[in-house]
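To start, the structure under review is shown below, and the notes come after it.
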Amino acid sequence: MPLTRRETHPIQNSSDVVLARQKVRSWATELKFTLVDQTKLVTAASELARNTLDHGKGGAMTIEIVGNSDKTGIKLIFEDRGPGIPDIPAALRDGFTTGGGMGLGLGGSKRLVNDFEIESEPGKGTRVTVVRWK
Amino acid sequence: MERIPILRMGSFLLVTIQVDMHDRLALQLQDDLTARIAEWDATGVLIDISSLEIVDSFIGRMLANIAAMSRVLDAETVVVGMQPAVAITLVELGMSLSGVRTALNVESGMELLYQMRGKLHAELDDDASNQA
Amino acid sequence: MSKLPDIILKHEDEIRSNWLKHMASTVRRSDLMNDRELQDQSREVLAAIAEGAKSGETSDLSQQAWSRARELMQSISASRARQGFTPSETSAFILSMKPPFFHAVRQELAKSPDEMFQEILNATLLLDGLALITAEAFTLAREQIIKRQQQELMELSTPVVKLWDGILALPIIGTLDSARTQVVMESLLQAVVQTNSRFAIIDITGVPTVDTLVAQHLLKTITAARLMGAECIISGVRPQIAQTIVHLGIDLSQVVTKAKLADAFALVLQKSGRTVTRIGGSPRNAGIQNAESGLKPEMKGE
């Protein structure tokens with residue numbers, strides 16, 4: 001299957017979150033990521049897609065292959081036009097302990113990827129960009 | 001709507017999760033399990049996740065909730081068969097699921113449940129003989 | 001408009017033979033590369049430079065016309081790194097093209113000193129640019145080799161040993177950083193699945209220092225194993241380590257720790273419902289019995 005370099009998928013309901021996971025999984029498999037790296041990336045995608053849906057009131061995920069002759073990676077961009085995140089450092093600090101806590105899954109996702117960028121403006125929306133290298 | 005089947009084995013319930021669950025399916029499972037535990041007076045729940053390739057924080061919370069809710073209903077829960085890559089990822093995510101008992105596979109999970117139930121019965125027997 | 005492209009194209013053969021002559025007296029590593037290979041490489045490089053020069057552009061090497069030259073620099077560098085050339089030898093390969101280039105320029109433009117100066121400047125900038133690409137690619141290739149060796153070393157240095165049915169031992173030798181922890185976790189968890197082991201003893205006798213970070217890494221490993229249904233205990237805790245742990249306020253209350261591997265093994269045997277018994281003979285003959293019949297662990301309990 002020929003890989004396109006860039007695709008965008010809507011995240012408007014919980015089935016879209018499942019689809020997003022499966023998309024990321026199939027790209028990571030094609031690029032021959034190790035199983036652990038794949039699992040981390042797909043799990044991060046799941047967290048961020050869910051955030052986009054629950055907190056951001058729906059948005060989209062763009063998936064792209066990045067890199068050059070030295071290294072290859074998958075970049076995921078999650079965008080929404082939701083309420084935005086007023087205090088980003090706090091959001092990143094919110095972790096999960098035994099699963100009872102709230103939190104946006106941002107801090108956790110950050111640990112699952114290599115590069116992590118977040119831009120958010122209250123009232124305008126949020127964009128989270130992550131990259132996992134092979 | 002599709003549901004995850006719950007099997008009954010004596011006083012234990014066995015759930016095998018094999019599909020990539022979307023959130024509503026996961027919540028449905030939570031509801032179904034708690035209903036069945038009450039309905040069938042179950043004392044143990046075995047959740048087999050050996051086919052799950054992804055466990056994110058939502059599913060993790062679901063497992064923790066099931067364990068907590070069953071305990072309130074006087075049943076123990078054991079989660080078995082977590083894949084290595086999943087365990088490594090969950091730990092990185094920050095979830096330890098410390099309230100959830102775990103075992104390597106269905107066999108050891110059942111063994112664990114019998115052990116725990118054995119303790120429970122001993123306590124009941126003590127109570128019974130004390131009251132006699 | 002620079003005259004350099006035309007000069008290169010006109011004098012290609014001459015430049016190449018002068019270049020080879022120049023290299024023979026300076027950077028020749030005939031132990032690593034034979035004459036034939038060197039000639040082929042030089043021909044390829046000059047052809048790629050000529051191709052780039054045809055575009056008329058010699059100062060911006062990021063242009064499409066120079067892509068073949070760039071790729072060639074990178075692959076030559078990478079292969080030289082693997083072969084054992086030094087970084088300077090690899091850059092010098094490119095830079096030794098300067099004298100031949102300058103000669104060619106002078107041949108064409110000796111009569112107009114200003115133009116000659118300009119083209120010599122262009123030539124030096126062009127070759128410097130190519131040499132920089134070469135140097136970068138060389139460094140990258142070296143780093144990749146080192147990385148691969150590190151990975152192999154890490155994998156070799158974390159063996160997982162089966163002590164008994166369902167009991168694994170993981171002796172860790174050396175420092176435990178986050179990269180190593182990933183390897184350790186993967187090895188341990190794979191072994192847990194393959195051997196169906198409920199217990200793992202992580203021996204840290206060979207870990208020189210245990211600070212907060214190392215403790216975190218150990219706890220991560222233990223938590224991951226627990227999630228799968230395997231229980232870990234730590235052994236090989238030296239008195240100094242114990243002091244450091246308390247001093248730093250590290251919380252290991254959830255983890256069973258033992259000073260000696262033997263004690264850890266005895267504990268795990270007990271937890272798994274087993275015990276070690278001496279077979280036959282009276283206590284008086286215990287020493288002899290040990291030598292003759294040895295010790296056989298047998299199953300007790302359920």
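Each value in this text was obtained by applying a stated rule to the coordinates, not by laboratory testing. The structure displayed is predicted, hence computed values, not measured ones. Every residue, glycine among them, receives a Cβ derived from its backbone with ideal geometry; neighbour counts consider all protein chains shown.
Each Lys or Arg adds one and each Asp or Glu subtracts one; over the other residues with Cβ under 11 Å from the Cβ of B:Ala42, this totals -1. By the helix-only formula, in which each DSSP H run with n ≥ 4 contributes -39500 (n - 2.57) and the sum is divided by residues, chain B has a 222 nm mean residue ellipticity of -18000 deg cm²/dmol. Taking a ≥ b ≥ c as the square roots of the Cα gyration tensor eigenvalues, region B:59-106 comes out oblate, since a/c reaches at least 1.5 and a/b does not exceed b/c.
Projecting the Cα atoms of C:Ala110, C:Phe93, C:Gln216 onto the charge dipole of chain C (Cβ charges, centred on the Cα centre) puts C:Gln216 farthest toward the positive pole. About its Cα centre, region C:66-181 has a charge dipole of approximately 240 debye under the convention of +1 per Lys or Arg Cβ and -1 per Asp or Glu Cβ, with nothing else charged.
Remark: mean inter-chain Cβ contacts per residue of C:188-197 equal 3, using a 10 Å Cβ-Cβ cutoff to other protein chain atoms.
Evaluated with a Cβ-only charge set (Lys, Arg +1; Asp, Glu -1), the protein assembly as shown carries a dipole of roughly 980 debye about its Cα centre, given to the nearest 20. Using a cut-off of 22 Å between Cα atoms, the listed pairs C:Lys162/C:Lys271; A:Lys23/C:Lys220; A:Lys134/C:Lys147; A:Lys110/C:Lys147; A:Lys71/C:Lys98 include A:Lys23/C:Lys220; A:Lys110/C:Lys147; A:Lys71/C:Lys98 as exceeding that distance.
Which angle between 0 and 90 degrees, to the nearest 10, do you get for helix C:67-83 versus the longest principal axis of chain C when only C-alpha atoms count? Value to nearest ten degrees: 50.
Remark: region C:86-102, residue by residue, has Karplus-estimated 3J(HN,Hα) of 7, x, 5, 4, 6, 5, 4, 3, 6, 5, 6, 7, 4, x, x, 4, 5 Hz, where x stands for each Gly or Pro and the curve is 6.51 cos²θ - 1.76 cosθ + 1.60 at θ = phi - 60°. A DSSP coil position with no more than 12 other Cβ atoms inside 10 Å describes the following trypsin sites (Lys or Arg not before Pro) in region A:2-88: A:Arg5, A:Lys32, A:Lys71.
Dividing the helix sum by the residues of chain C, where each DSSP H run of 4 or more adds -39500 (n - 2.57), gives a mean residue ellipticity at 222 nm of -20500 deg cm²/dmol. Look at the stretch B:13-20: the mean tally of other chain Cβ atoms within 10 Å of its residues' Cβ atoms is 1.
Neighbouring Cβ atoms from other chains, within 10 Å of the Cβ of residues in C:49-61, number 0 on average.
How charged is the neighbourhood of B:Leu14? Take every other residue with its Cβ under 10 Å from the Cβ of B:Leu14, and add Lys/Arg as +1 and Asp/Glu as -1. Result for the neighbourhood of B:Leu14: 0. Compared with the dominant Cα axis of chain C, that is its longest principal axis, helix C:178-195 is turned about 50°.
Beta-bridge orientation, the protein assembly as shown: approximately 60 percent antiparallel, per DSSP, counting only bridges with both partners inside. Remark: region C:155-213 carries a charge dipole of roughly 160 debye about the Cα centre, counting +1 on each Lys and Arg Cβ and -1 on each Asp and Glu Cβ.
The distance separating the Cα centre of region B:1-40 from that of region C:153-224 comes to 35 Å. If both residues of a DSSP beta bridge must be in chain C, then about 40% of such bridges are antiparallel. Near A:Thr8, within a Cβ-to-Cβ distance under 14 Å, what is the net charge of the other residues, with Lys and Arg +1 and Asp and Glu -1? Value of the local net charge: 0. Between helix B:84-93 and chain B there is an angle of about 80 degrees, using the helix long axis and the longest principal axis of the Cα atoms. With the highest mean first, a sort of the peptides C:38-45, C:201-208, C:228-235, B:19-26 on other beta-carbon atoms found within 10 angstrom per residue produces C:228-235, C:201-208, B:19-26, C:38-45. Packing, taken as the mean count of other beta carbons within 10 Å per residue, orders the peptides C:72-82, A:116-126 from highest to lowest as C:72-82, A:116-126.
For region B:1-94, state which GluC sites (Glu not before Pro) are in a DSSP loop and have at most 11 other beta carbons lying within 10 Å of their beta carbon. Show your work: numbers first, answer last.
Values: sites: B:Glu2, B:Glu39, B:Glu53, B:Glu76, B:Glu92; in loops: B:Glu2, B:Glu53.
Within region B:1-94, the qualifying GluC sites (Glu not before Pro) (loop, at most 11 other Cβ atoms within 10 Å) are B:Glu2.
What's the center-to-center distance, using Cα atoms, between region A:45-77 and region C:96-149 in Å? Region A:45-77 and region C:96-149 have Cα centres separated by 42 Å.
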